[in-house]
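Structure first, then comments.
The values are calculated or read from the model by the stated rules, or taken from the named source; none is laboratory data. On a predicted model such as this, the values are computed, not experimentally measured, just so you know. Note that each Cβ is placed from the backbone with ideal geometry, even for glycine, and that neighbours are counted across all protein chains shown. For the accessible areas, the whole protein counts, side chains as well, though only heavy atoms, and no ligand, DNA or RNA atoms are used. Shrake-Rupley method; radii C 1.70, N 1.55, O 1.52, S 1.80 Å.
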Amino acid sequence: VQLENERACTDHLKRIGAYLAPEEFDSLPHDDGEYPVEVSVIIPVRNRERTIADAIESVLEQQTEFDFNVIVVDNHSTDGTTDRIAEFSEDSRVVHIKPERHDLGIGGCWDLAIRDKRCGKYAVQLDSDDLYSSCDVLSQIVEAFQKQKAAMVIGSYRMVDFNLQTLPPGLIAHKEWTPDNGRNN
């Protein structure tokens, strides 16, 4: 089913002139911009009282040779999420944004974060119920950006329960992002 969907979507992209050929890459523009930090981990969140603190802690535990912050966009949580985020208020790396608008959704929260003056050169997504698996994940992501001269990097994750035991299907490696057609998925 996945392959059939991919073929249908790829054919559609070709018909409307939006297909990205595998050999066609534009160079990234030179960036002399000044940023407050090298990396911002962006966490859009709504009602994740049980998981948000662990997500933030997994970011703060990253060991890097560059400065980073975590921008948490609290999309009008009605449980204890806001209080859990506030527990990190003493750490200057934690930026807590509470949008004025109520119609943002995840994409709107992301947009708000990347346009914030505290956002870094690289914006990295972390879901509000996810954790980094080791203390060097951010360094690996930045290395991939730089080595591949990429505007976007797609990572992988492992499905786990609250005890961090692997759940089926286990590793989600995004193998649909192939050199031949990944950019069109």
| task | Name every residue in segment 68-123 that is closer than 13 Å to Arg46 by Cβ, open to solvent by less than 80 Å² (accessible area, probe 1.4 Å), assigned to a loop (DSSP other than H, G, I, E, B) and not polar (S, T, N, Q), in order of residue number. | result | His76, Asp79, Gly80, Pro99, Leu104
| task | Take the residues in segment 135-170 that are in contact with a helix residue (DSSP H, G or I) (Cβ under 8 Å, 6 or more places away or on another chain) and aliphatic (A, V, I, L, M), then tell me which one is farthest from Tyr122 (Cα to Cα). | result | Ile154
| task | Starting from segment 97-115, keep only residues that are among the aromatic types (Phe, Trp, Tyr), then list their pairs with residues that are outside any loop (DSSP other than H, G, I, E, B) and surrounded by 12 or more Cβ atoms within 10 Å (Cβ to Cβ) whose Cβ atoms are within a distance under 7 Å, requiring at least 6 positions of separation or different chains. | result | Trp110/Ile42; Trp110/Pro44
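The rows are residues; the columns are (1) over 30 Å from Ile71 (Cβ atoms); (2) open to solvent by less than 40 Å² (accessible area, probe 1.4 Å); (3) outside any loop (DSSP other than H, G, I, E, B).
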{"residue": "Gly17", "(1), (2), (3)": "yes, no, no"}
{"residue": "Leu20", "(1), (2), (3)": "no, no, no"}
{"residue": "Glu23", "(1), (2), (3)": "yes, no, no"}
{"residue": "Asp26", "(1), (2), (3)": "no, no, no"}
{"residue": "Asp31", "(1), (2), (3)": "no, no, no"}
{"residue": "Ser40", "(1), (2), (3)": "no, yes, yes"}
{"residue": "Pro44", "(1), (2), (3)": "no, yes, yes"}
{"residue": "Glu49", "(1), (2), (3)": "no, no, no"}
| note | Flagged in segment 46-96 as within 16 Å of Asp127 (Cα to Cα), among the β-branched types (Val, Ile, Thr) and in contact (Cβ under 8 Å) with a residue 60 or more places away in the chain, in numbering order, are Thr51, Ile52, Val59
| field | Scan of segment 46-56 for residues that are out of contact with any Leu (no Cβ under 8 Å at 6 or more places or on another chain) and not hydroxyl-bearing (Ser, Thr, Tyr), ordered by number | value | Arg46, Asn47, Arg48, Glu49, Arg50, Ile52, Ala53, Ile56
| In segment 124-136, residue modelled with the highest pLDDT [restricted to those that are open to solvent by 50 Å² or more (accessible area, probe 1.4 Å) and touching an Asp or Glu at 6+ places or on another chain (Cβ under 8 Å)] | Cys135
| In segment 2-39, how many residues are closer than 30 Å to Asn181 by Cβ and either among the hydrophobic types (A, V, I, L, M, F, W, C) or touching a residue at least 12 places away in the same chain (Cβ under 8 Å) (or both)? | 18
| message | Suppose the filter is among the β-branched types (Val, Ile, Thr) and under 16 Å from the mean Cα position of the chain (by Cα); does Ile52 pass it? | response | yes
| request: Given the conditions (1) among the hydrophobic types (A, V, I, L, M, F, W, C); (2) open to solvent by 70 Å² or more (accessible area, probe 1.4 Å); (3) modelled with pLDDT of 95 or more, report the number of the one that Met152 does not fulfil. | output: (3)
| said: Please verify whether Phe145 is closer than 26 Å to Asn47 by Cα and aromatic (Phe, Trp, Tyr), treating the condition exactly as stated. | reply: no
| message | Show the residue pairs meeting these rules: Cβ distance below 8 Å; 6+ apart or different chains; first residue within segment 140-158 and more than 16 Å from Asp31 (Cα to Cα); second residue open to solvent by less than 100 Å² (accessible area, probe 1.4 Å) and modelled with pLDDT under 80. | response | Ile141/Gly155; Ala144/Ala150; Ile154/His174; Ile154/Trp177; Ile154/Gly182; Gly155/His174; Ser156/Ala173; Ser156/His174
| query | Quick check: is even one residue across segment 162-177 surrounded by 14 or more Cβ atoms within 10 Å (Cβ to Cβ) and outside any loop (DSSP other than H, G, I, E, B)? | reply | no
